[in-house]
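Written out below as structure tokens is the structure these notes cover.
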Protein chains: 2
Amino acid sequence: MENKTGYLREYLHKHGVKPSSIRMVVLDYLLSRRTHPTAEEVYGALCQELPAVSRASIYNTLELFCQKGIVKTVPTDGRETRYDADRSFHGHFECEVCGKIYDFRIDSDNVDLRELEGFVVREKDIYCRGLCPQCHSDQ
Amino acid sequence: MENKTGYLREYLHKHGVKPSSIRMVVLDYLLSRRTHPTAEEVYGALCQELPAVSRASIYNTLELFCQKGIVKTVPTDGRETRYDADRSFHGHFECEVCGKIYDFRIDSDNVDLRELEGFVVREKDIYCRGLCPQCHSDQ
DNA sequence: TCAATATTTAGAATTATTATATTTTTGAAT
DNA sequence: ATTCAAAAATATAATAATTCTAAATATTGA
């Protein structure tokens, strides 16, 4: 898996982040599963690979990744911050029952922001909430 | 102001909420200022009118209003929940500097949710983040 | 009126996150 | 390789937002 390590190292480097073992593992986790995890989920998953890791390091790493544009936060109603390594424009759907967040494709041109003249728009998101097909059929 | 009281009472009744003095005052606050306040902001503002009010009552009232469809929460990156009494479809812009949340009009038809077939969509929102004109010109 | 129910309160508990101070790791210069 | 400084990671304390709990108060209906 020398390739993967090299890829992650390069990915961090391109975004101006010095590699460290934690950063590599966190990045690998975020890139390989596009599940919009919370900090706690990242921490829980990584405890197996890095038994000595601390929550603070996870928070620091995620905050750094945000600043450097490696991940972005997903605006949601919940109070846990969720992180997304897919920085392309897409929508998010949050299921009210299972809490899962789904991505969906949407044409960026559809979103007409003419009324935001004078504003500097750095991020935009489409957010929907309701029932996912699974939870809908379970009722 | 008998009119206002009657209006608020009726508004609550229509949404299946029994009126109480706290509920009336909270509703009045939410309807008269469309500022997407946090629970703490509502609490702070109401302490003057209702000196004995508790935070728990504010939280309870806002939660009840959400369930009954009187307000909805605004999905944001921040970790304080923000409430919006304007339930019509519109976009939100959050300023990264001053934290203020602005509404903007956007045509609902523009948002193409065809890819969410099989999902029950109960809420949708457009979220943007960046610099508001004020904070942009201050830099 | 009086019991049953709903609402509100104060404060404790919980959860998510951030801050702090110490230790460990890393990488350059010797 | 060894030393040293800077950066990163750690454990833990502190903070912030919210929720829970139990008691007090208010409201409603027989």
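Which residues among segment B:5-20 fall inside the zone where the amide N is under 20 Å from a point 7 Å beyond the Cα of B:Glu63, along Cα→Cβ?
Taking a point 7 Å out along Cα→Cβ of B:Glu63, the residues of segment B:5-20 whose backbone N falls under 20 Å are B:16-20.
Kindly write out, for segment B:129-138 in residue order, the coupling ³J(HN,Hα) from the Karplus curve 6.51 cos²θ - 1.76 cosθ + 1.60 (θ = phi - 60°), rounded to whole Hz, with x marking Gly and Pro.
Along segment B:129-138, the couplings run 9, x, 10, 7, x, 4, 5, 5, 6, 6 Hz.
Could you work out the Kirkwood radius for the protein assembly as shown, taking every pair of different alpha carbons, averaging 1/r and inverting it, reported in Å?
Result for the protein assembly as shown, one decimal place: 21.0 Å.
Which percent of Cα pairs goes in each bin when the distances of segment B:2-72 are cut into 5 angstrom slices starting at zero?
Pairs per bin, as whole percents: 3, 17, 32, 27, 18, 4.
What do you get for trypsin sites (Lys or Arg not before Pro) in segment B:30-122 restricted to DSSP loop and a cutoff of at most 10 other Cβ within 10 Å of the site's Cβ?
B:Arg79
Give me the accessible area buried between chains A and B, both sides summed, with a 1.4 Å probe, in Å² rounded to the nearest 100.
3300
Hey, in the GNM for chain B with a 10 angstrom Cα cutoff, which one of B:Asp86, B:Asp109, B:Asp77 fluctuates hardest?
Among B:Asp86, B:Asp109, B:Asp77, the largest GNM mean-square fluctuation belongs to B:Asp109.
Would you work out what percent of the accessible area of the protein assembly as shown, with all protein chains in place, is carbon or sulfur (probe 1.4 Å)?
Carbon and sulfur atoms account for 46 percent of the accessible area of the protein assembly as shown.
Residue by residue, what Karplus-based ³J(HN,Hα) values in Hz, rounded to whole numbers, does segment B:99-116 have, using 6.51, -1.76 and 1.60 with θ = phi - 60° and x for Gly and Pro?
Listing the rounded values in order: x, 5, 10, 9, 8, 9, 7, 8, 6, 4, 5, 5, 8, 8, 9, 4, 6, 8 Hz.
In Å², what does the accessible area per residue of the protein assembly as shown work out to with a 1.4 Å probe?
With the other protein chains kept in place, the protein assembly as shown gives 55 Å² per residue.
Listed here are the pairs B:Lys18/B:Lys100; A:Lys14/B:Lys72; A:Lys14/B:Lys100; A:Lys72/B:Lys68; B:Lys4/B:Lys68; A:Lys100/B:Lys72; which of them are more than 29 Å apart at the Cα?
Violating the 29 Å Cα-Cα cut-off are B:Lys18/B:Lys100; A:Lys14/B:Lys72; A:Lys14/B:Lys100; A:Lys72/B:Lys68.
Once you have the Cα-Cα distance between B:Ser21 and B:Ser88, take 0.36 nm times their residue separation minus that, and quote the gain in nm to one decimal.
Net length gain for the segment: 21.5 nm.
Just to be sure I understand the curve: with the Debye formula and one point per C-alpha of segment A:1-124, what is log10 I(q)/I(0) at q = 0.11, 0.13, 0.14 Å⁻¹?
For the requested q values the scattering log ratios are -0.44, -0.60, -0.69.
Per residue of B:89-98, count partner chain C-beta atoms within 10 Å of its C-beta, then hand back the mean as an integer.
Mean shielding count: 2.
Quick one: which residues, 5 or more positions from B:Ile106 or on another chain, have an amide H under 5 Å from its amide H? H modelled 1.01 Å from N in the peptide plane, none for Pro or chain starts.
Those lying under 5 Å, H to H, from B:Ile106 are B:Gly91.
Convert each backbone phi in segment B:19-27 into a coupling constant with the Karplus relation 6.51 cos²θ - 1.76 cosθ + 1.60 (shift: θ = phi - 60°), then list the ³J(HN,Hα) values in order as whole Hz, x for Gly and Pro.
So the Karplus estimates, Gly and Pro as x, are x, 8, 4, 4, 4, 5, 5, 5, 4 Hz.
So what is the relative contact order for chain A, in percent, with contacts set as C-alpha pairs under 8 Å and at least six apart?
Here the relative contact order equals 19 percent.
If amide hydrogens are placed 1.01 Å from N in the peptide plane, which non-local residues have theirs closer than 5 Å to the one on B:Arg82?
Those qualifying (amide H under 5 Å, at least 5 residues apart or on another chain) are B:Val74.
In µm²/s, what is D for segment A:88-137 at 10 °C and 1.306 mPa s, where D = kT/(6 pi eta Rh) by Stokes-Einstein and Rh is the Kirkwood radius from Cα pairs?
Result for D is 127 µm²/s.
Please identify the longest segment of chain B free of exposed GluC sites (Glu not before Pro), where exposed means a DSSP state other than H, G, I, E or B and no more than 14 other Cβ atoms within 10 Å.
B:1-79
The values are calculated or read from the model by the stated rules, or taken from the named source; none is laboratory data. None of the values given here were measured: they were computed from a predicted structure. Here the Cβ is made from the backbone with ideal geometry for all residues, glycine too, and neighbour counts use every protein chain on show. Ligands, DNA and RNA are stripped out before the accessible areas are found, and what is left, the full protein with its side chains, is counted by its heavy atoms. Shrake-Rupley method; radii C 1.70, N 1.55, O 1.52, S 1.80 Å.
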